[in-house]
Amino acid sequence: MPPSPKGAEGRSTPSGLYTSRIIKAGALIGDTKTLLADWDLDASVAENLSRVRHENVFGKASRSRVEDILAIFRHRYMSEPAVTKALVTLVSNKFPSAALDRVLFFHAARADTLLHDVVTEVLAPMQEQGHVHVTVADLHRALNTWVGEGKTTSRWSKSTVEHAVRGLMSTLRDFGVLQGAVNKKIAPSFLPIEAFAYITFYLKRHQPSGAKLIELPDWKLFFLRREAVERFLFEAHQRDLLEYHVAGSVTRLTFPTESLEEYAYVLAQR
């Protein structure tokens with residue numbers, strides 16, 4: 001039997017509660033890439049969004065669906081201007097699609113605590129124990145536990161839980177975390193070195209200590225244990241994507257640029 005969820009310590013929405021945003025979200029990988037490719041960094045957010053609405057860049061999407069997409073895009077990728085600039089830089093410089101998908105998943109999970117914790121607190125422990133098959137019941141059990149513990153924005157109804165579970169399953173499938181059309185299982189861990197380097201740079205902006213960065217729960221989004229993170233760091237160092245040195249208890253982690261946007265350009269050029 002899969003392990004019970006541990007809760008959301010250390011990861012929270014501004015209110016400290018899970019939202020049901022995932023019901024309207026999904027991965028939206030194609031729509032996100034369309035927006036990033038069309039984004040004008042010299043214009044304001046409001047100007048960009050107004051132009052997107054006016055030009056109907058999503059084609060046949062209804063007005064209400066366009067608003068849903070824009071709200072999700074804004075929440076996931078626009079809360080930090082540096083991230084928006086970096087993602088636009090990656091797309092405009094033809095960053096490999098597989099690596100970009102991993103980066104988009106990372107930011108989407110960072111922005112949605114429910115999505116983050118389902119992976120790190122439910123799927124990751126399952127995977128560590130050798131359980132790769134994931135059922136609707138597994139996520140139902142986790143969400144019902146969290147609802148019972150008062151970790152949602154309101155007392156979710158049975159219907160809300162069911163819709164949230166479906167949204168999570170489809171989102172995780174589209175992001176490549178799960179695989180299978182009907183019977184889902186945890187996909188083999190896949191993280192291109194360029195995507196790893198980008199994520200490391202981003203995390204170091206929030207956790208300057210290289211030693212503590214290795215221990216961050218965010219790595220569980222990719223089912224990486226400490227040893228795997230260290231192997232990635234050494235590989236990235238060998239490829240001159242960063243500098244990583246360990247001497248006893250001292251860890252030094254540095255990058256060739258100061259800003260996330262500049263580093264995104266360096267990675268895209270590789």
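What follows is calculated from the coordinates using simple rules that are stated; it is not laboratory data. These figures come from a predicted structure and were not determined experimentally. A quick note on method: Cβ atoms are made from the backbone with ideal geometry, for glycine too, and the neighbour counts reach across all protein chains shown.
Of the residues making up the range 230-260, those that are over 26 Å from VAL88 (Cα atoms) and buried (at least 19 other Cβ atoms within 10 Å of the Cβ) number 1.
Only helices (runs of 4 or more DSSP H) whose full extent lies in the range 81-138 are considered here, and the ones with at least 1 residues that are surrounded by fewer than 21 Cβ atoms within 10 Å (Cβ to Cβ) are 81-92, 97-111, 124-128. For the range 17-60, a tally of residues being closer than 26 Å to LEU143 by Cβ and outside any helix (DSSP H, G or I) returns 8.
Counting only strands (runs of 3 or more DSSP E) that sit completely within the range 156-270, those holding 3 or more residues that are over 30 Å from ALA25 (Cα atoms) correspond to 243-247, 250-254. Residues that are free of Cβ contacts under 8 Å to residues at least 40 places away in the same chain and touching a helix residue (DSSP H, G or I) at 6+ places or on another chain (Cβ under 9 Å) were ranked within the range 241-253; the one that is farthest from TYR202 (Cα to Cα) is SER249.
For the range 31-70, which residues satisfy the criterion of being basic (Lys, Arg), closer than 20 Å to ASP174 by Cβ and in contact with a helix residue (DSSP H, G or I) (Cβ under 7 Å, 6 or more places away or on another chain)?
Start the filter on the range 31-70 by keeping residues that are basic (Lys, Arg), which leaves 33, 51, 53, 60, 63, 65.
Then drop every residue that is not closer than 20 Å to ASP174 by Cβ, which leaves 33, 60, 65.
Hit for the range 31-70 is LYS33, nothing else.
Is it the case, given these coordinates, that SER159 is under 30 Å from GLU261 (Cβ atoms) and exposed (fewer than 15 other Cβ atoms within 10 Å of the Cβ)? Answer is no for this residue. Scan the range 181-215 residue by residue and report those that are crowded, with 16+ Cβ neighbours inside 10 Å, under 15 Å from the mean Cα position of the chain (by Cα) and of a type in the set (A, V, I, L, M, F, W, C). Passing the criteria: LEU191, ALA195, PHE196, ALA197, ILE199, PHE201, LEU203.
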